[in-house]
1. What's the longest piece of the chain with no exposed trypsin sites (Lys or Arg not before Pro), counting a site as exposed if DSSP puts it in a loop and it has at most 12 other beta carbons within 10 Å?
2. Using each residue's phi in the range 166-181, evaluate 6.51 cos²θ - 1.76 cosθ + 1.60 at θ = phi - 60° and report the 3J(HN,Hα) Karplus result to the nearest Hz, with x for Gly and Pro.
3. Taking only C-alpha pairs under 8 Å that are 6+ residues apart, what is the relative contact order of the range 129-205 in percent?
4. Less than 11 Å Cβ to Cβ from Arg194, Lys/Arg counted +1 and Asp/Glu -1: what total charge do the surrounding residues give?
5. Report ³J(HN,Hα) in whole Hz for each residue of the range 105-117, in order, from the Karplus equation J = 6.51 cos²θ - 1.76 cosθ + 1.60 where θ = phi - 60°; Gly and Pro get x.
6. Nearest 500 deg cm²/dmol is fine: what mean residue ellipticity at 222 nm does the chain get from its DSSP H runs of n ≥ 4 alone, each adding -39,500 (n - 2.57), divided by its residue count?
7. Just order 120-130, 173-183 by mean Cβ neighbour count inside 10 Å, highest at the front, would you?
8. The range 184-257: D in µm²/s via Stokes-Einstein (Kirkwood Rh, Cα pairs, 25 °C, 0.890 mPa s)?
Amino acid sequence: MTATTTPARPTAFSAARTLATAARVLRQLRHDPRTIALLLLVPCVMITLLRYVFDGSPDTFDAIGASLLGIFPLITMFLVTSIATLRERTSGTLERLLALPLGKADLIAGYALAFGALAVVQSALATALSVWLLGLDVTGSRWLLLLVAVLDALLGTALGLFVSAFAASEFQAVQFMPAVIFPQLLLCGLFTPRATMHPALEAVSNVLPMSYAVDAMNEVLTRPGVTGTFVRDLAIVAGSAVLVLVLGAATLRRRTT
C-alpha cells in the first residue's frame, strides 16, 4: 500500500515564487488585448472626454480633473483585477497552484505585482495625457500627482483581488462595483466638500480610502510642496491597499486530496 504524500507547504515568503507568479499572470494578460486596452486606454479616453465636456470652462476641468485622474484608474483596476482573478478561481487554476508548494502570500503578492506593473503604466499614461496634452493646471509636482495615481490604481487592484473571493461568476464580480466603488465615489468629496455633508455621511467618508485618495490629489493640485496632510493621505491609501491585500490572502484556501 502506497502512502499519498501532500506537497509541503512553504514556510516563508519567497521572492522567486512571487516573481514567477507575476510573470505567469503577465504572460496571460499579453494574450488578452481587450483587457490591455481596457486597462491602458479607457482612463485616457474618459479623461479626454471630460476635458472637452468642460471645454468652455477649463477651470472646472482643473478643479476635478486631478481627482478623477486617481478615481478612473482605481475603478478600471478594480474591474479588471476582480474579473481576471475570478476566472482563475472558477477555472481551477488557483486551486491547482495552491496544491503546489506555493504560499498564499507568494500568490497574492505575485498577482498584486503583475497588476501593479500595469497600474504604473496606466497611471503614467493618464497623468502625462492630462498634464502635457490636456493642460491640467497643477500647482504641485507632476511626479507627486503620478505617485498618487499609482497608489490609487494599486488600491483598486487590492480591492479587486479581495472581492473576487466572494463572487461565483464574472457577472457577480461586476455587481460588487455598486457595493464597493459607488458609495466611495459619492462620499469621497468629488461632488461636494465632505465637511458639508450630513454628519453621518461625513463620518462614513472618513473611513473610506477613496476619500483620502481625492484629498491627496487636491493637495497636489493646490499646494506647491509636500504637506503633512498629503503624507497622511498617502499613507492611508497605501495602508488600505496593504490591509486589503492581507485580507485577500486570508480568503484563499488550500485544498488537497
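1. Between exposed loop sites, the widest span is 1-252.
2. Running phi through 6.51 cos²θ - 1.76 cosθ + 1.60 with θ = phi - 60° gives 9, 10, 9, 8, 4, 4, 5, 4, 5, 5, 6, 4, x, 7, 9, 8 Hz.
3. Normalised by residue count, the contact order of the range 129-205 is 14 percent.
4. Net local charge, Arg194 excluded: -2.
5. Computed from phi, the couplings for the range 105-117 are 5, 4, 5, 5, 5, x, 4, 4, 5, 5, 5, x, 4 Hz.
6. -23500 deg cm²/dmol
7. 120-130, 173-183
8. Reported coefficient: 176 µm²/s.
Read-outs throughout are calculated quantities, based only on the coordinates presented, and are distinct from any laboratory measurement. All of these numbers come straight from a predicted model, not from anything done at the bench. Quick reminder, even Gly has a Cβ in these numbers, built from the backbone with ideal geometry, and neighbours come from all protein chains shown.
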